[in-house]
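Structure in structure tokens, see below.
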Amino acid sequence: NAGVTQTPKFQVLKTGQSMTLQCAQDMNHEYMSWYRQDPGMGLRLIHYSVGAGITDQGEVPNGYNVSRSTTEDFPLRLLSAAPSQTSVYFCASSYSWGMNTEAFFGQGTRLTVV
Amino acid sequence: SQQGEEDPQALSIQEGENATMNCSYKTSINNLQWYRQNSGRGLVHLILIRSNEREKHSGRLRVTLDTSKKSSSLLITASRAADTASYFCATDQAAGNKLTFGGGTRVLVKP
């Protein structure tokens, strides 16, 4: 059971480039989310999804797009990378929402924008 | 601003001592969760306490929740060097499908 898998683990982008961070879970979880973590700080919610075909914005959505075409996958797209998007990105999933369930996290993607 | 705020931001103790950290939040919640993050790794769920619960135990962990004060505490008893990590509280807000994290407490357990 792989849990939540994020790829790549590390990425360096030039300002203005675009890329997609991949997230996949094999636990049949309905709820998935993306966070960013900046040095010495907690996690800030970027986007989340309560099921296939449904996405919504979190606390810091600007500059990011998401889609949820399947239950398993929840990719995060950076449209035009900026140095302010240098961060560690975490994907998380949970069985459902409002049912008092824990979140499972991937190992993170460390992104540097130069 | 973030929903949860941990206090202290950093904590240094000797192996065998207890570590206590606190979390305050702003809005009504369904539950409050604590997570651990080892350096450079993802977060690992430790314990979940529901809004109608006041105290919960799991091994060497004890969590309390006071909804009237909108605060929670995490106690790690008989700490070990392996407990060195950052600890985050996260609130499942009553309004909205969001798990919101605090800034974390960095705990260093010295052998």
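The values are calculated or read from the model by the stated rules, or taken from the named source; none is laboratory data. Here the structure is a predicted model, which is why all the values come from computation and not from measurement. A quick note on method: Cβ atoms are made from the backbone with ideal geometry, for glycine too, and the neighbour counts reach across all protein chains shown. Heavy atoms of the whole protein, side chains included, go into the accessibility calculation; ligands, DNA and RNA do not. Shrake-Rupley method; radii C 1.70, N 1.55, O 1.52, S 1.80 Å.
Taking amide H atoms as placed 1.01 Å from N in the peptide plane, list the residues 5 or more away in sequence, or in a different chain, whose amide H sits under 5 Å from that of B:Leu108.
B:Leu11, B:Ser12, B:Ile13
Using a Gaussian network for chain B with springs between C-alpha atoms less than 10 Å apart, which of these wobbles most: B:Gln14, B:Gln37, B:Gln93?
It is B:Gln14.
Next up: Using the Cα centre as the reference, give the magnitude of the dipole from point charges on the C-beta atoms of the range B:7-111 (Lys, Arg: +1; Asp, Glu: -1; all else neutral), rounded to the nearest 20 debye. Before the final figure, lay out the partial values.
Numbers: 14 positive and 8 negative charges, 30 e Å.
Result for the range B:7-111 is approximately 140 debye, rounded to the nearest 20.
Another question, then. Return the ratio Rg/(2.2 N^0.38 Å) for the protein assembly as shown, where Rg is computed over Cα atoms only.
Normalised Cα radius of gyration, the protein assembly as shown: 1.01.
So with the 1.4 Å probe, I'd like the accessible area per residue for chain B, rounded to whole Å².
46
Tell me the carbon and sulfur percent of the accessible area for the protein assembly as shown, rounded to whole percent, probe radius 1.4 Å.
Carbon and sulfur: 48 percent of the exposed surface of the protein assembly as shown.
In the range B:26-45, which residues give up 40 Å² or more of accessible area once the other protein chains are added, compared with their chain alone (1.4 Å probe)?
Buried-area filter returns B:Gly42, B:Leu43, B:His45.
Another question about this same structure. At a probe radius of 1.4 Å, figure out the B/A buried accessible area, summed over both chains, and give it in Å² to the nearest 100.
Working: alone 6010 and 6140 Å², together 10280 Å².
Buried surface at the B/A interface: approximately 1900 Å².
Taking N as the number of residues in chain B, what is its alpha-carbon radius of gyration divided by 2.2 N^0.38 Å? Don't skip to the answer; put the middle values down first.
Values: Rg = 13.3 Å, N = 111, 2.2 N^0.38 = 13.2 Å.
Here the Cα radius of gyration is 1.01 times the empirical estimate.
For B:Lys69 and B:Ala94, compute 0.36 nm times the residue count separating them, minus their Cα-Cα distance, and round to one decimal in nm.
7.4 nm
Per-residue HN-Hα couplings for the range A:54-62, Karplus 6.51 cos²θ - 1.76 cosθ + 1.60 at θ = phi - 60°, whole Hz, x for Gly and Pro?
Couplings: 10, 9, 8, 7, x, 6, 10, x, 5 Hz.
Which of the residues in the range A:9-39 show a loss of at least 40 Å² in accessible area from their chain by itself to the complete set of protein chains, at a probe of 1.4 Å?
Listed by number, the residues meeting the 40 Å² cut-off are A:Tyr35.
So how exposed is B:Leu11, as accessible area in Å² (1.4 Å probe, rounded to 10)?
40
Further question: Enumerate the calculated ³J(HN,Hα) couplings along the range B:8-17 in order (Karplus 6.51 cos²θ - 1.76 cosθ + 1.60, θ = phi - 60°), each rounded to whole Hz, writing x wherever the residue is Gly or Pro.
These are the phi-based 3J(HN,Hα) values: x, 6, 8, 8, 10, 9, 8, 3, x, 7 Hz.
Another question, then. What ranking of A:Thr101, B:Thr105, B:Thr27 comes out by heavy-atom accessible area, probe 1.4 Å, highest first?
Ranked list, largest accessible area first: B:Thr27, A:Thr101, B:Thr105.
Sticking with this one: Where in the range B:69-111 does accessible area fall by at least 40 Å² between the isolated chain and the complete protein assembly, at a 1.4 Å probe radius?
Residues passing the criterion (a loss of at least 40 Å², heavy atoms only) are B:Asn97, B:Lys98, B:Leu99, B:Phe101.
On alpha carbon coordinates alone, what is the Rg over Rh value for the range B:32-88, Rh being the Kirkwood radius?
Numbers: Rg = 11.9 Å, Rh = 12.1 Å.
Result for the range B:32-88 is an Rg/Rh of 0.99.
On average, how much accessible surface per residue is there in chain A, in Å², for a 1.4 Å probe, leaving out ligands, DNA and RNA? Each step should come with its number before you reach the end.
Numbers: 5180 Å² over 114 residues.
About 45 Å² of surface per residue is accessible.
Which residues' amide hydrogens lie under 5 Å from the amide hydrogen of A:Met19, considering only partners 5 or more residues apart or on another chain, with H built in the peptide plane?
A:Leu78
Treating only the Cβ atoms of Lys and Arg (+1) and Asp and Glu (-1) as charged, compute the dipole magnitude of the protein assembly as shown about its Cα centre; round to the nearest 20 debye.
Details: 21 positive and 18 negative charges, 68 e Å.
My answer is approximately 320 debye.
What percent of all Cα-Cα pairs in the range A:66-114 falls in each 10 Å bin, counting up from 0?
All Cα pairs, binned at 10 Å, distribute as 21, 42, 29, 8, 0 percent.
Please name which of A:Thr5, A:Gly40, B:Gly59 has its Cα lying farthest along the dipole of the protein assembly as shown towards the positive end, using unit charges on Cβ (Lys, Arg +1; Asp, Glu -1) and the Cα centre as origin.
Result: A:Gly40.
Once amide H atoms are built 1.01 Å from N in the peptide plane, which residues 5 or more positions from B:Ile47, or in another chain, come under 5 Å H to H?
B:Trp34
Residue by residue, what Karplus-based ³J(HN,Hα) values in Hz, rounded to whole numbers, does the range A:77-91 have, using 6.51, -1.76 and 1.60 with θ = phi - 60° and x for Gly and Pro?
In residue order, the calculated couplings are 10, 9, 6, 8, 4, 10, x, 5, 8, 4, 5, 9, 10, 10, 9 Hz.
Let me ask something else about it. Just name one of A:Val66, A:Leu78, A:Ala92: the one whose Cα is farthest towards the positive end of the charge dipole of the range A:28-111 (beta-carbon charges, Lys/Arg +1, Asp/Glu -1).
So the residue furthest toward the plus end is A:Leu78.
Oh, and also: Per-residue accessible area for A:His47 at 1.4 Å probe radius, Å² rounded to 10?
The value for A:His47 is about 10 Å².
For B:Arg36, what accessible surface area do you get with a 1.4 Å probe? Give it in Å², rounded to 10.
70
Could I ask something else about it? Over the residues of chain A, compute the C-alpha Rg and express it relative to 2.2 N^0.38 Å.
It is 1.00.
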